[in-house]
Every structure is written in C-alpha cells, then in structure tokens.
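Asks: So that we are looking at the same thing, I have put the structure below in structure tokens.
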Amino acid sequence: MSKAQPMVELWRGDRLESWHAGHAVIWGEGGAVESWGDAGTIIYPRSSCKMIQALPLVESGAADAAGLTDRQLALSCASHQGAALHVEATGRWLEGLGLGEADLRCGSHEPYDRDERNRLIRAGDAPCQLHNNCSGKHCGFLTATQHMKAGPEYVEVDHPLQRAIRQATEEVTGETVAGYGIDGCSAPNFAMSLAGLARAMQSFAAARDTGDGRQRAMARLRDAMATHPEMVAGEGRACTELMRAMGGRVAIKTGAEAVFVAMLPAQKLGIALKIADGGTRAAEAAVVALLVRLGVLEPSHPMAQKRLPGVQRNWRGIETGGLRLADGFI
C-alpha cells in the first residue's frame, strides 16, 4: 500500500483536512488501460468478488437444477441490507432446498435496514442469520454444496466448494491466489492483486451468453446483478443506486475496507479500486469519478452527485469546504 496515490481530499475552508490514497485499475481486452497507484498491490477483495464465488454455483449446474431465478442469482452476489425482501427471499430459498436458517454458516448481525431493525426491536426479537448481509451468498453456497453432495461445513477452506471457488478465482484472475483470510461471514477470502481483480472483472464484462460454459455463467451473474440491483445491496446503498442510475448497463459491487469493482459490458472493461485506509466515502467518490470518466454515468445524475466530490455544508446549511478529487487522479 506504500505506493498508493492520493485520490480524494476533504477541504475545510482553505485547508486540507483529510485525504485518501488508493489504487485503481481499468482493464481492457489487451490488458491494463489505465492505472493509479500500484496495480500489483495484493488485497483481500472482500465482498467485491462475490460473483467469482458464485461461479461454481452456476457452472456446476446447481443453479439450474434448483431452478434458481436471476433474482436469486443477484442475491447470491449480494451484500444486502437485511431488509424484509432480503430476509423473505433467503428464507424461501432455503425452504426450497429443504434446509433452514440453522444450515447457514454466516452468523447473525443486526440488519442494516432501519425498518427491519426497528421491527425486530418492537417485537423483542433477535436478528438471525437471514439478516446477515452475506446470507444470499451462503444460500448459493448451500445450493452448490447440496448439488455436489458435499458435507455441511461448506466454509472450511478444504471443502470441495471452497476448492472449486479457489480454482475459479485463479482462472479468472490469471494468477495463483496469494493466501487467504477468513471473512466476516466465515468464508475464506482469497487474496489477489488489484490487477488480477480488474482482469477478472473484464472477463465478466466481456462474457456473452452465447459463449462456452464459463462465459455463459459470467454473463448470467453479471446481468442478474445489473437487472436486480435491489437484491445486491438495498435502498440508499451505492451499489443499488448507481446501477439504477446507469440503467442496468453496468454491474458494480463494493467490498469491505473500501474495495469497489465494476463490469462494463458495452466497452468490455473491468475496474478494480481499493482505498488504502478503508474509507467508504473515498471509494464511492473514486468509483463514481471513474464511471463518469468512462461515459457510463452522467455526472449530473442525483446518485452521482450524492457521491461525487462537491461542496460540504454543515447542519445550518453553511458551506464549510468540499470533497475534491486529488491532483493527478482522473
């Protein structure tokens, strides 16, 4: 991370108050088109790689055998809010498999969705694993595991499912994984270079549903995300709002600690971004700037304006400073 490039700055009055540095890569059919910082830096992609983790679900035939819809495939790539629609969808999915909430291995946390959180408080209920933002991914894991007739501890790194995910990860990134860490949902998260992640996103972007099995799986997952953005994140979230703003023409996904990826099918481009300090506001501003630069997001769109650098005001409406792109970035 030592070669991180300044990307986003916060100014108060005429003084630089805070700044965020990071790395970004735009990958095309011939390789890196543009990059900032160190494209070779090794990162954990965190939840930004959920579409890679979902590849064995589709490629193995498990998705078709279970009759999964595109809405469910979008949910398998989600970091959702734990809103009522997400909880209901994951519950029905498990029921269709003949399984229940106890078969998940993601753990529980309070839902990010305010309405669902308040409902639980009023009812005196505790959140369950269906509220976990990764429960859709884990429903996909269980579907693939059931199809493979493998054991129930599907998050173990030597489980057949995780071995298949590791193999898929290495194939789409074009590199050997650089180890792994355990993610917040207990699944292994395979480390890779930012360039490798961008290369993988370019493969998803260029995939066509008329291609081979891998191509069709990639295109199906990408298009499911873009078509059902409400399942990928939720109301008020950057992934959902920005995919809606781009009219389903681009699929994007965030990951914890300020990772962001994008798949641009019309241009056959992939983007991978990592803010070194883990700052979400900078990751959102930086990815919006890149999407605007590539012409797929209108800078005047309200959802872009919500995250693009601009004037900062306090609670009385007084201008206090602004968020800016750093010199040399975009």
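Asks: Out of the residues in the range 82-99 that are within 20 Å of A65 (Cβ to Cβ) and free of Cβ contacts under 8 Å to residues at least 24 places away in the same chain, state the one that is surrounded by the fewest Cβ atoms within 10 Å (Cβ to Cβ). Can you show your working first?
Replies: Applying the first criterion (within 20 Å of A65 (Cβ to Cβ)) to the range 82-99 yields 89-90, 92-99.
Add one more test, that the residue is free of Cβ contacts under 8 Å to residues at least 24 places away in the same chain, and what stays is 92, 95, 98.
On the way: R92: 12, E95: 11, G98: 8.
For the range 82-99, the residue satisfying everything is G98.
Asks: Hey, which of the helices (runs of 4 or more DSSP H) in the range 90-173, taking only ones fully inside, have at least 3 residues that are in contact with a strand residue (DSSP E or B) (Cβ under 8 Å, 6 or more places away or on another chain) and either at pLDDT 95 or above or of a type outside the set (V, I, T) (or both)? Before you say what the answer is, go through the steps one by one.
Replies: Details: elements: 114-123, 135-148, 160-173.
Ranges flagged: 160-173.
Asks: Here's something else I'd like to know. Restricting to the range 35-81, name every residue that is of a type in the set (K, R) and open to solvent by 20 Å² or more (accessible area, probe 1.4 Å). So that I can check it myself, show each step before the final result.
Replies: Start the filter on the range 35-81 by keeping residues that are of a type in the set (K, R), which leaves 46, 50, 71.
Listed by number, the residues that qualify are R46, R71.
Asks: Quick check on G236: is it in contact with a Pro (Cβ under 6 Å, 6 or more places away or on another chain) and either closer than 19 Å to G28 by Cβ or of a type in the set (G, A, S) (or both)?
Replies: Numbers: in contact with a Pro (Cβ under 6 Å, 6 or more places away or on another chain): no; either closer than 19 Å to G28 by Cβ or of a type in the set (G, A, S) (or both): yes.
It is false that G236 is in contact with a Pro (Cβ under 6 Å, 6 or more places away or on another chain) and either closer than 19 Å to G28 by Cβ or of a type in the set (G, A, S) (or both).
Asks: Quick one: in the range 309-330, of everything that is of a type in the set (A, V, I, L, M, F, W, C), touching a residue at least 60 places away in the same chain (Cβ under 8 Å) and assigned to a strand (DSSP E or B), which residue is most open to solvent (accessible area, probe 1.4 Å)?
Replies: First, pick out the residues of the range 309-330 that are of a type in the set (A, V, I, L, M, F, W, C): 311, 315, 318, 323, 325-326, 329-330.
Going one step further and asking which of them are touching a residue at least 60 places away in the same chain (Cβ under 8 Å), we end up with 323, 325-326, 329.
Then keep just the ones that are assigned to a strand (DSSP E or B); that gives 323, 325.
On the way: L323: 20, L325: 56 Å².
This residue is L325.
Asks: Under 7 Å between Cβ atoms, at least 6 apart or on separate chains: pull out the pairs that start in the range 139-167 with a residue that is closer than 27 Å to G82 by Cα and aromatic (F, W, Y) and end on any residue that is open to solvent by 50 Å² or more (accessible area, probe 1.4 Å) and not in a helix (DSSP H, G or I).
Replies: Y154/R105
Asks: If a residue counts only when it is among the β-branched types (V, I, T), free of Cβ contacts under 8 Å to residues at least 60 places away in the same chain and crowded, with 24+ Cβ neighbours inside 10 Å, which strands (runs of 3 or more DSSP E) contained entirely in the range 190-308 have at least 1 such residues?
Replies: Details: elements: 251-255, 259-264, 269-275.
Qualifying strands (runs of 3 or more DSSP E): 251-255.
Asks: Do we find a residue being among the hydroxyl-bearing types (S, T, Y), open to solvent by 10 Å² or more (accessible area, probe 1.4 Å) and touching a residue at least 24 places away in the same chain (Cβ under 8 Å) anywhere in the range 8-22?
Replies: Start the filter on the range 8-22 by keeping residues that are among the hydroxyl-bearing types (S, T, Y), which leaves 18.
From the residues that got through so far, the ones that are open to solvent by 10 Å² or more (accessible area, probe 1.4 Å) too are 18.
Remaining after also requiring touching a residue at least 24 places away in the same chain (Cβ under 8 Å): none.
No, every residue in the range 8-22 fails to be among the hydroxyl-bearing types (S, T, Y), open to solvent by 10 Å² or more (accessible area, probe 1.4 Å) and touching a residue at least 24 places away in the same chain (Cβ under 8 Å).
Asks: Does E59 meet the test of being within 18 Å of A144 (Cβ to Cβ), among the charged types (D, E, K, R) and free of Cβ contacts under 8 Å to residues at least 60 places away in the same chain?
Replies: On the way: within 18 Å of A144 (Cβ to Cβ): yes; among the charged types (D, E, K, R): yes; free of Cβ contacts under 8 Å to residues at least 60 places away in the same chain: no.
For E59, the condition - within 18 Å of A144 (Cβ to Cβ), among the charged types (D, E, K, R) and free of Cβ contacts under 8 Å to residues at least 60 places away in the same chain - is not met.
Asks: Failed condition for Y180, given (1) buried (at least 16 other Cβ atoms within 10 Å of the Cβ); (2) in contact (Cβ under 8 Å) with a residue 24 or more places away in the chain, with all others met?
Replies: Of the numbered conditions (1) buried (at least 16 other Cβ atoms within 10 Å of the Cβ); (2) in contact (Cβ under 8 Å) with a residue 24 or more places away in the chain, the odd one out for Y180 is (2).
Asks: Considering each of S108, S135 in turn, give the residue that is within 16 Å of E88 (Cα to Cα), within 23 Å of the chain's Cα centre (by Cα) and open to solvent by 50 Å² or more (accessible area, probe 1.4 Å). Explain how you work it out, then say what you get.
Replies: Details: S135 fails: open to solvent by 50 Å² or more (accessible area, probe 1.4 Å).
Being within 16 Å of E88 (Cα to Cα), within 23 Å of the chain's Cα centre (by Cα) and open to solvent by 50 Å² or more (accessible area, probe 1.4 Å) holds for just one of S108, S135, which is S108.
The values are calculated or read from the model by the stated rules, or taken from the named source; none is laboratory data. No experiment lies behind these values; they were computed from the predicted model shown. Reconstructed Cβ throughout: ideal geometry from the backbone, glycine too, with neighbour counts over all protein chains shown. Calculation scope for accessible area: heavy atoms of the full protein, side chains included, ligands and nucleic acids excluded. Shrake-Rupley method; radii C 1.70, N 1.55, O 1.52, S 1.80 Å.
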